[in-house]
Ligand SMILES: [Fe+2]
Ligand SMILES: [Fe+2]
């Protein structure tokens with residue numbers, strides 16, 4: 001999605017780029033400089049609305065972008081009284097912090113996707129919008145070199161638990177595939193499958209939450225993998241594969257000093273690509289070295305990856321995906337794969 005960023009302060013441009021790219025395409029414009037007409041994406045204005053000259057310049061920009069429907073104004077929290085000015089200029093939303101910017105853009109993107117011709121005209125369910133916003137906030141924090149807020153992982157998990165408890169796993173999987181793509185889709189699917197698994201085997205509330213949080217964070221290291229590799233359609237070459245395989249260790253390093261992080265979550269993040277026969281990575285662990293939480297997470301991760309919806313291929317059926325799990329005999333725990341059967345076909 002294109003973000004047309006208008007500001008009166010040149011130093012804000014690299015900051016906003018670091019925060020939003022590469023997920024969004026940022027087109028910056030300095031007030032008083034060259035004007036750029038656009039009809040697509042989102043207009044984002046961050047300027048001092050107390051200055052009459054700035055307000056006049058913004059009005060000129062707004063004429064050039066009048067067909068852009070979403071106009072986001074950033075008003076710093078100490079300038080609350082400027083909120084009314086922003087709306088008077090035509091803001092469709094006012095945000096006060098970078099965290100709110102990321103969450104708002106995620107919401108706009110979901111709404112835009114839902115409104116596309118050929119897609120369901122209904123808006124994404126609130127649990128999807130809220131958990132996607134939490135993922136966007138975590139990935140964006142890492143890309144900006146900031147540490148993540150564990151509350152985001154907790155929010156995403158509790159939204160997913162509540163959605164699956166109320167509407168079932170199938171609804172969650174279908175909705176996520178309809179409204180999201182790429183890494184966000186994958187993380188939302190893995191967490192949904194893991195939570196569905198935990199609920200089905202009768203985990204206690206705290207255990208469901210533990211597995212859910214590990215699932216939300218399992219691929220957080222991918223925030224540091226170049227998008228050219230992460231979103232490459234088709235197979236990675238050996239060099240790209242090597243870079244991709246670093247994501248569990250990167251994720252572990254990003255999280256290990258975070259207040260509130262637990263050894264189990266770190267274990268899940270670092271070891272979700274390990275196999276019982278020792279053929280996994282990064283530590284080539286074997287049987288007893290692989291915890292129960294990791295075993296559950298690995299099954300959920302593989303299953304979710306197989307049923308993902310990609311622009312270049314239709315999603316694999318849940319039956320076929322389960323068959324592949326069954327064929328990974330020495331790698332996954334057989335009784336767990338059997339227990340997973342119900343989840344794989346769960347409504
Ligand atoms: Fe992974
Ligand atoms: Fe994964």
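Here are some notes:
- Per-region count, segment 134-170, residues surrounded by 16 or more Cβ atoms within 10 Å (Cβ to Cβ) and without any contact (Cβ under 8 Å) to a residue 12 or more places away in the chain: 1
- Within segment 289-298, considering residues that are in a helix (DSSP H, G or I) and more than 13 Å from ligand 1 (Cβ to nearest atom), the one farthest from the chain's Cα centre (by Cα): 289
- Residue 274 satisfies every condition listed in (1) within 15 Å of ligand 1 (Cβ to nearest atom); (2) modelled with pLDDT of 95 or more; (3) assigned to a helix (DSSP H, G or I); (4) crowded, with 24+ Cβ neighbours inside 10 Å except (3).
- Test: residue 248 is within 11 Å of ligand 1 (Cβ to nearest atom) and over 23 Å from the mean Cα position of the chain (by Cα): no
- Selection status of residue 239, away from ligand 1 (no atom under 11 Å from the Cβ) and on the phi > 0 side of the Ramachandran plot: no
- Criterion: more than 13 Å from ligand 1 (Cβ to nearest atom) and part of a helix (DSSP H, G or I) - qualifying residue of 234, 221, 202, 212: 212
For every residue, the table says whether it meets (1) touching a helix residue (DSSP H, G or I) at 6+ places or on another chain (Cβ under 8 Å); (2) over 21 Å from residue 247 (Cα atoms); (3) more than 16 Å from ligand 1 (Cβ to nearest atom); (4) assigned to a helix (DSSP H, G or I).
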residue	(1), (2), (3), (4)
153	yes, no, no, yes
159	yes, yes, yes, yes
162	yes, yes, yes, yes
165	yes, yes, yes, yes
171	yes, yes, yes, yes
174	no, yes, yes, yes
177	yes, yes, yes, yes
184	yes, no, no, yes
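- The condition of being buried (at least 18 other Cβ atoms within 10 Å of the Cβ) and within 29 Å of residue 156 (Cα to Cα) holds for only one of 31, 105, 2, that being 105.
- Within segment 303-315, none of the residues are more than 13 Å from ligand 2 (Cβ to nearest atom) and more than 23 Å from residue 231 (Cβ to Cβ).
- Hits in segment 277-288 - residues which are part of a helix (DSSP H, G or I) and modelled with pLDDT of 95 or more: none
- Every residue from segment 239-252 that is more than 15 Å from ligand 2 (Cβ to nearest atom) and in contact with a helix residue (DSSP H, G or I) (Cβ under 8 Å, 6 or more places away or on another chain): 240, 243
- Among the candidates 190, 176, residue that is surrounded by 18 or more Cβ atoms within 10 Å (Cβ to Cβ), within 15 Å of ligand 2 (Cβ to nearest atom) and under 17 Å from residue 293 (Cα atoms): 190
- In segment 296-310, the residues that are free of Cβ contacts under 8 Å to residues at least 40 places away in the same chain reach residues that are within 9 Å of ligand 2 (Cβ to nearest atom) and not in a helix (DSSP H, G or I) with C-beta atoms within less than 8 angstrom, at least six apart or across chains, in these pairs: 298/272; 298/273.
- Number of positions in segment 201-236 that are farther than 20 Å from residue 142 by Cβ and away from ligand 2 (no atom under 16 Å from the Cβ): 13
- The residue pairs whose first member lies in segment 203-226 and is closer than 20 Å to residue 256 by Cα, whose second member is away from ligand 2 (no atom under 12 Å from the Cβ) and not in a helix (DSSP H, G or I), and whose beta carbons are closer than 8 Å, counting only pairs six or more residues apart or on different chains, are 210/262; 211/203; 220/148; 221/246; 225/246.
The values are calculated or read from the model by the stated rules, or taken from the named source; none is laboratory data. It should be emphasised that the depicted structure is a prediction, and the values quoted were computed from it without experimental measurement. Here Cβ is always computed from backbone atoms with ideal geometry, including for glycine, and neighbour counts include all displayed protein chains.
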